[in-house]
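Notes for the one structure printed next.
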Amino acid sequence: MDYAGVSLAGSVLAGKKIDQYLNSLNSKGEVRSIGVTEGLSPESAAFVNGFFSHAAELDDGDRYGMFHPGAPLFSALLVLMQLKKITSDQFCRAVISGYEASVLMARSMQPALKENGFHGTGIAGIAGAAVACSVALGAGREELESSLSAACTKASGMLKVINSKSEYKPLNVANASQGGLQSALIAHAGFKGNNDILDGETGFFRIFTESPDSSVIEQASNSEKPMIYYIYVKPYAACRHCHAPIEAALNMAAEPGFSAGNVASVEISTYKWAIKGHDHSDIVGMNSARMSIPYSVAAALSLRNGGVEAFDEPYISDKTLLELCKKIRVLEDSLMTQKVPDERGARVKVILKSSKNNEKSTEAGELPVSSHFVSLPKGEPENPVSDEELIQKMKNLFRFSGLSFEKIQAIEDFFKRGRFNSEEIAQMIRLLN
């Protein structure tokens, strides 16, 4: 349900450019993609699904793996289910297996992946998509190994694309989705891969990180819960590293008498991996805003909103909001860094120009200060969104995307039935178009 709402919103944000891209290709086919009215080839549908699923920056993730497992996985699997007859039980097994593979791989390689400039979703997410599709196809051990081998061969993704005016971060997810589907299908066709693609000096883990943490996989084998239980769901339309600051700022903005116009300066303390690539205050477009802690906090304080609308026009060009953005500094707190990934916290300290209770504070040189700390933002398994909140998020995104009340109700009813075989998935995609 979360994937459907996020992807449809992404199709609104990126749809015109994707349409132009598709028109330049021979992309027509029989497969339906969320947010595209015409049928596409399987490869194009998987690519488009992946791009749209990450375009709104609202897809699920894993804080230990620092990546987004669901976006490439569902983007590929929804295409496969239109090509093959897959039961609801096969679907559930595929989803759980795909999350397991990608989360364990990402956790084994982080934070080295991020420090080396790799986007974990492109590196580990493709493996989850491939495993999910192979499990849905009923693959045995050798075929699964070949599918994983193909996915590791195709894995790629850079974090450089979060900077400046770049709009290519969703491209990493699009490639992971398309590559995951292709990896499963080429293995299903009988092509053989390595049975040790992850291991050794030239294996997958050592290519991307010098010291992979094998204990992650050993510990998981002793756990009663699969990894899908540990993912987070996003309530705010920004990079997850921005969420603790956003939540702290929203709590402060809700205090009686608070006014963003009364803010003299803001200081944000957080962990080091949240800072690089996310501390910029020069906003040069929608994606730049979503990656920026200063903009995210300025929007939360000014608009009291962290939704998809806050990271779009007219707000990303609003002079007053951008001036507030320039007053915000982001600093590392070494204690918060030490607590990552068990906590990914932030403290927002707002220095006010004056206070209703202290009108002479400015003259006295002692400006009033408001401060709020968030250790784990909303959506983490320890601080989860409720079913009602998740349904409301989906409805808000569908309304943002222009769906009618009747369609929104029909889609909600569909998800409440909780059955996801090939025919039912096709029905859902028709409702979303």
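Annotations
- Out-of-range pairs (alpha-carbon distance over 23 Å; input Lys85/Lys234; Lys393/Lys416; Lys16/Lys154): Lys85/Lys234; Lys16/Lys154
- Mean shadow area of the stretch 1-150, taken as a quarter of the surface of its Cα convex hull (nm²): 9.1
- Taking the DSSP beta bridges with both ends in the chain, the antiparallel portion is around 80 percent.
- Cα→Cβ-extended label distance, 7 Å offset, between Lys272 and Asp413, nm: 5.5
- With Cα atoms defining each centre, the stretch 265-289 and the stretch 241-256 are spaced 15 Å apart in the structure.
- Each principal axis of the Cα cloud of the chain was taken in turn, and the coordinate range along them, longest first, works out to 78, 52, 41 Å.
- Net charge, Leu432 excluded, C-beta distance under 15 Å - Lys, Arg +1, Asp, Glu -1: -1
- Difference of contour (0.36 nm per residue) and Cα-Cα distance, Ala189 to Leu335: 47.4 nm
- Ranked for footprinting exposure by Cβ neighbours inside 10 Å, fewest first, Asp413, Asp213 give Asp413, Asp213.
- Within the shell of other residues whose beta carbon sits under 15 angstrom from the beta carbon of Gly200, the net charge comes to -4, with Lys and Arg scored +1 and Asp and Glu -1.
- Gained length - Asp342 relative to Thr153, 0.36 nm times residue gap less alpha-carbon distance: 64.9 nm
- The alpha-carbon atoms of the stretch 193-289 define a convex hull whose volume equals 211 cubic angstrom per residue.
- Debye-formula intensities of the stretch 377-433, expressed as log10 I(q)/I(0) at q = 0.20 Å⁻¹, are -0.81 (one equal scatterer per alpha-carbon, no solvent).
- Volume of the convex hull of the stretch 98-179 (Cα atoms only), normalised per residue: 77 Å³.
- FRET E, pair Ser375, Ser221, Förster distance 30 Å, beta-carbon r, rounded to 0.05: 0.55
- Using the Cβ of Gly70 as centre and a radius below 12 Å, the other residues enclosed give a net charge of -3, where K and R count +1 and D and E count -1.
- Antiparallel beta bridges, as assigned by DSSP with both residues in the stretch 240-374, represent about 75 percent of the total such bridges.
- Within the chain, the longest segment free of exposed loop sites, counting GluC sites (Glu not before Pro) that fall outside DSSP classes H, G, I, E and B and have at most 13 other Cβ atoms within 10 Å, spans 39-200.
- The stretch 376-425 and the stretch 132-172 have Cα centres lying 26 Å from one another.
- Scattering profile of the stretch 141-244 at q = 0.14, 0.19 Å⁻¹ [log10 I(q)/I(0), Debye over alpha-carbon scatterers]: -0.82, -1.26
- Remark: spin-label model distance Asp89-Ala426 equals 2.2 nm, labels positioned 7 Å along the Cα→Cβ axis.
- Taking Ser108, Ser370, Ser404 and counting other C-beta atoms within 10 Å, the order from fewest to most: Ser404, Ser370, Ser108
- Globularity index of the stretch 240-374, i.e. its alpha-carbon radius of gyration over 2.2 N^0.38 Å: 1.02
- Fewest-first sequence of Leu78, Leu403 by Cβ atoms within 10 Å of each Cβ: Leu403, Leu78
Computed from the coordinates by the stated procedures, all read-outs in this text should not be read as laboratory data. Quantities reported herein were computed from a predicted structural model and do not represent experimental measurements. Virtual Cβ from ideal backbone geometry, glycine too; neighbours counted across all protein chains shown.
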